[in-house]
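*Asks:* The structure follows.
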Amino acid sequence: MRPHEAKRAVAGLRVGILKSRDEGLAHGEAHDALAVQSVGEEADGIREACAANGWTPVDVEAARDPHATLASLRDARVDVVFQLAESIGGDAR
């Protein structure tokens, strides 16, 4: 595949951004709290990169139940996923 063909092949890419709704931790280490707080900025950067490449960013919420998370990913019909969930329900472990 030539470079220009590869670019066309991913033109309609759907990019999942898997993250929780957590904005902080209920308990845990300071470095864990910092990681949780930075997820929003990281997600924004991924969305911007997707837009610059003509890709569609799709937010997917990470749930405490892994089956629910997998179902959400399937329903979102994403091609690739960035896993940014640093905590779920305020728990980083």
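The values are calculated or read from the model by the stated rules, or taken from the named source; none is laboratory data. What you are looking at is a predicted structure, and each value in this text was computed from that prediction instead of being measured. Note that we place each Cβ from the backbone using ideal geometry, even for glycine, and neighbour counts take in every protein chain shown. These accessible areas exclude ligands, DNA and RNA; they are computed on the full protein's heavy atoms, side chains included. Shrake-Rupley method; radii C 1.70, N 1.55, O 1.52, S 1.80 Å.
*Asks:* So, of the residues in segment 37-54 that are open to solvent by less than 90 Å² (accessible area, probe 1.4 Å) and polar (S, T, N, Q), which turns out to be modelled with the lowest pLDDT?
*Replies:* Within segment 37-54, the match that is modelled with the lowest pLDDT is S38.
*Asks:* Condition test on V78, is it part of a loop (DSSP other than H, G, I, E, B) and closer than 13 Å to L18 by Cβ?
*Replies:* Spelling it out, V78 is indeed part of a loop (DSSP other than H, G, I, E, B) and closer than 13 Å to L18 by Cβ.
*Asks:* Among (1) open to solvent by less than 80 Å² (accessible area, probe 1.4 Å); (2) part of a helix (DSSP H, G or I); (3) modelled with pLDDT under 75, which single condition is L25 missing?
*Replies:* Here L25 clears every test but (2).
*Asks:* Which members of segment 55-72 meet the condition of being more than 13 Å from L18 (Cα to Cα) and either of a type in the set (D, E) or surrounded by 12 or more Cβ atoms within 10 Å (Cβ to Cβ) (or both)?
*Replies:* W55, T56, D65
*Asks:* Determine, yes or no, whether L34 is at pLDDT below 90, over 13 Å from the mean Cα position of the chain (by Cα), surrounded by fewer than 12 Cβ atoms within 10 Å (Cβ to Cβ) and not small (G, A, S). Give the derivation first.
*Replies:* Values: at pLDDT below 90: yes; over 13 Å from the mean Cα position of the chain (by Cα): yes; surrounded by fewer than 12 Cβ atoms within 10 Å (Cβ to Cβ): yes; not small (G, A, S): yes.
Against the criterion (at pLDDT below 90, over 13 Å from the mean Cα position of the chain (by Cα), surrounded by fewer than 12 Cβ atoms within 10 Å (Cβ to Cβ) and not small (G, A, S)), L34 qualifies.
*Asks:* Separate question: Any residue in segment 68-90 that is at pLDDT 95 or above sitting within a Cβ distance under 6 Å of a residue that is in a loop (DSSP other than H, G, I, E, B)? List the pairs, counting only those 6 or more apart or interchain.
*Replies:* Close Cβ pairs (under 6 Å, with a partner that is in a loop (DSSP other than H, G, I, E, B)) amount to D79/L13.
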